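Peer 1: The structure follows.
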Amino acid sequence: MPAQFQIDLFEELRKLLGGFEPFVLKQVMDELDGLSKQKGHTGAAARLGLAIGAKCIIAEGRDLKTSSVDEQVIDYAAQNGCLVVTNDRHIRETLFTKGIGVISMRKQKKLELLRR
């Protein structure tokens, strides 16, 4: 999201939430690490994601081979009552069905807290 819309994610989160404690799953970092080796936009965005993730607390999700990283993020948020920052429509809708709040981009300018 920060690479796509050129925003300061942490500053925007502070404006929206005040205080917060950022977490990222180790599995997300592992996925970003793999993507970071690619060239072009995907690799650059993944490298930025790794730099942002390095400023967060690294948390362990469930380590099941059958669940995707997206499913692990959803599961972690449901178990720990976390908000999730994502622009992914599928993840967002799944989170809403579980009553989990989502922080997403609004008009490509600022973050918005969404709940359903």
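Peer 1: Can you list residues whose amide H is under 5 Å from L114's amide H, if they're 5+ apart or on another chain and H is modeled 1.01 Å from N?
Peer 2: The answer is V102, I103, S104.
Peer 1: In nm, to one decimal, how far is the modelled label at R89 from the one at E11, with both set 7 Å along Cα→Cβ?
Peer 2: Once both label points are built, they end up 3.1 nm from each other.
Peer 1: Mean residue ellipticity at 222 nm from the helices of the chain, using -39,500 (n - 2.57) per DSSP H segment of n ≥ 4 over the full residue count, to the nearest 500 deg cm²/dmol?
Peer 2: Rounded to the nearest 500, it is -14500 deg cm²/dmol.
Peer 1: Next question. Out of residues 5 or more away from G61 or on other chains, whose amide H comes under 5 Å of its own, with H placed 1.01 Å from N in the peptide plane?
Peer 2: Result for G61 returns K26, Q27.
Peer 1: Can you pull the three principal axis extents for the Cα set of the range 2-114, in Å, largest first?
Peer 2: Projected onto its principal axes, the Cα set of the range 2-114 covers 33, 33, 24 Å.
Peer 1: Something else now. What trypsin sites (Lys or Arg not before Pro) does the range 59-112 have in DSSP loop regions with at most 15 other beta carbons within 10 Å?
Peer 2: Here the trypsin sites (Lys or Arg not before Pro) that fit, given the DSSP loop and packing criteria, are R62, K65, K98, K107, K109.
Peer 1: In addition: Could you give me the ³J(HN,Hα) list for the range 81-90, computed from phi with Karplus coefficients 6.51, -1.76, 1.60 and θ = phi - 60°, whole Hz, x at Gly and Pro?
Peer 2: x, 9, 7, 10, 8, 7, 10, 6, 4, 5
Peer 1: Looking at the chain only, what percent of DSSP beta bridges run antiparallel? Nearest 5 please.
Peer 2: If I count the DSSP bridges inside the chain, around 50 percent turn out antiparallel.
Peer 1: Also, I was wondering about something else. Mind grabbing the base-10 log of I(q)/I(0) for the range 21-87 at q = 0.17, 0.24, 0.26 Å⁻¹? Debye formula, identical points on the C-alpha positions, no solvent, two decimal places.
Peer 2: Treating every Cα as an identical point scatterer, log10 I(q)/I(0) equals -0.61, -1.10, -1.20.
Peer 1: Further, regarding this structure: Estimate the FRET efficiency between R106 and S67 by the formula 1/(1 + (r/R0)^6), using the beta-carbon distance for r and 30 Å for R0, to the nearest 0.05.
Peer 2: 0.50
Peer 1: Kindly write out, for the range 18-30 in residue order, the coupling ³J(HN,Hα) from the Karplus curve 6.51 cos²θ - 1.76 cosθ + 1.60 (θ = phi - 60°), rounded to whole Hz, with x marking Gly and Pro.
Peer 2: Those phi angles translate into x, x, 7, 10, x, 10, 9, 6, 4, 5, 5, 4, 4 Hz.
Peer 1: With charges set only on the Cβ (+1 for Lys and Arg, -1 for Asp and Glu), what does the dipole of the range 2-114 come to about its Cα centre, in debye to the nearest 20?
Peer 2: It works out to roughly 420 debye.
Peer 1: Taking the number of other C-beta atoms within 10 Å as the exposure measure, put S68, S104 in order starting with the fewest.
Peer 2: S68, S104
Peer 1: Then there's this: Across the range 2-114, how many lysine pairs separated by 8 or more positions, or lying on different chains, have Cα atoms within less than 20 Å?
Peer 2: 7
FYI, it's all coordinate maths here, none of it is from the lab. Owing to the predicted nature of the structure, the values given are computational and were not obtained by experimental measurement. Here the Cβ is made from the backbone with ideal geometry for all residues, glycine too, and neighbour counts use every protein chain on show.
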